[in-house]
Each structure stands twice: as structure tokens, then as C-alpha cells.
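**Q** Starting off with a structure, shown below.
The values are calculated or read from the model by the stated rules, or taken from the named source; none is laboratory data. Note that this is a predicted model, so its numbers are computed, not measured. Don't worry about glycine lacking a Cβ; one is built from the backbone with ideal geometry, like all the others, and counts go over all protein chains shown. For the accessible areas, the whole protein counts, side chains as well, though only heavy atoms, and no ligand, DNA or RNA atoms are used. Shrake-Rupley method; radii C 1.70, N 1.55, O 1.52, S 1.80 Å.
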Amino acid sequence: MKPSYVLVTAAYNEERFIEGTLQSVIAQNWRPTEWNIVSDASTDKTDEIIERYASRHDFIQLVRITEGHARNFAAQVSAINTGIRHLKSTEFAYFGNLDADITLDPDYFSLLLEKFAG
């Protein structure tokens, strides 16, 4: 049996890259149980792109932070913590923090989790 995993992504104005990241995770042959993407007060089309995919894939959730704050590393940490607090899944074997601007091969998580399983 494959262990379950969840992902959290902090995203701020990632409209140029987030669609590639979304497509990459959707194409995984071992998808996460849940993926919370936290839009950290994005002012571009990041939210719209995420919403479009979340409406078609029930494991994707958009979490919005709307209050303004300094743009620094602490803001990213806060966004990740917000994503963790919004997880609906209470039981999972692994947690991943995925950047909003990367793409992965379709077997990335299956290979990674097989290595963890030993």
C-alpha cells in the first residue's frame, strides 16, 4: 500500500509559473491526498489559475491570505504555516513543501516515496 502525502505551496504573484506546477502535480502517477496552495495576497492572476484547476481536481485547495504584509522570507513561512493549518487530511505519512515555480517528472513523488519507504 502506498503511503499518503500532502503538499503545501506558498505562491505570491506566480501567474507565469503556477500553471506548469499545477499540471506537473496533476500528472503525477502518485498524487497527493491534498494540496493546499496558499496565495499570499497575490495581485496578478495566480488565484484565478489555481481556482480553475481546483474546480476540476478535488485534492487541490486554494487558500487566500488577503491582508498586506512585508514581502520577506517570514511571509513565505507564514503562508506555509497557513496552508498546514488548512489541511483537511488528518492522517498522512508525509508532508511536502512545494515551490510554486517548478515542474516535476510524472514519477517524481512515487520514486521519492519509494525511497522513504526503504
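**Q** Springs between alpha-carbon pairs under 10 angstrom, Gaussian network model over the chain: which of 95, 17, 73 fluctuates most?
**A** Result: 73 has the largest fluctuation of those listed.
**Q** Residue separation times 0.36 nm, minus the C-alpha to C-alpha distance between residue 88 and residue 66: what's the value?
**A** That works out to 5.9 nm of additional length.
**Q** How large is Rg/Rh for the chain, to two decimals, with Cα atoms and a Kirkwood Rh?
**A** Reported Rg/Rh, Kirkwood definition of Rh: 0.96.
**Q** Mind listing P(r) for segment 56-118? All alpha-carbon pairs, 5 Å bins, whole percents.
**A** Computed distribution, short to long bins: 3, 11, 19, 23, 21, 14, 6, 2, 0.
**Q** If you don't mind, there's one more thing I want to ask. Connecting C-alpha atoms closer than 10 Å in a GNM of the chain, tell me which of 90, 46, 82 has the biggest fluctuation.
**A** Its mean-square fluctuation being the largest, the pick is 90.
**Q** Quick one: accessible area per residue over the chain, 1.4 Å probe, rounded to a whole number of Å²?
**A** 57
**Q** Could you give the dipole magnitude of the chain about its Cα centre, charging the beta-carbon of Lys and Arg +1 and that of Asp and Glu -1, in debye to the nearest 20?
**A** 260
**Q** Sticking with this structure for a sec: Using every pair of alpha-carbon atoms in segment 21-90, split the distances into 10 Å bins beginning at 0 and state the percent of pairs per bin, rounded to integers.
**A** 19, 50, 28, 3
**Q** If you stretched the chain out fully between residue 97 and residue 16, how much longer would it get, using 0.36 nm times the residue separation minus the C-alpha to C-alpha distance?
**A** 27.2 nm
**Q** Cα-based Rg of segment 1-62 per 2.2 N^0.38 Å, rounded to two decimals?
**A** 1.09
**Q** For the chain, which whole-number percentage of the solvent-accessible area (1.4 Å probe, protein heavy atoms only) is attributable to carbon and sulfur atoms?
**A** 50
**Q** So which residue, out of 66, 103, 21, gets the largest mean-square fluctuation from a GNM of the chain using Cα contacts under 10 Å as springs?
**A** 66
**Q** What is the magnitude of the charge dipole of segment 56-118 about its Cα centre, with +1 placed on the Cβ of each Lys and Arg, -1 on the Cβ of each Asp and Glu, and no other charges, expressed in debye to the nearest 20?
**A** In debye, rounded to 20, segment 56-118 gives about 300.
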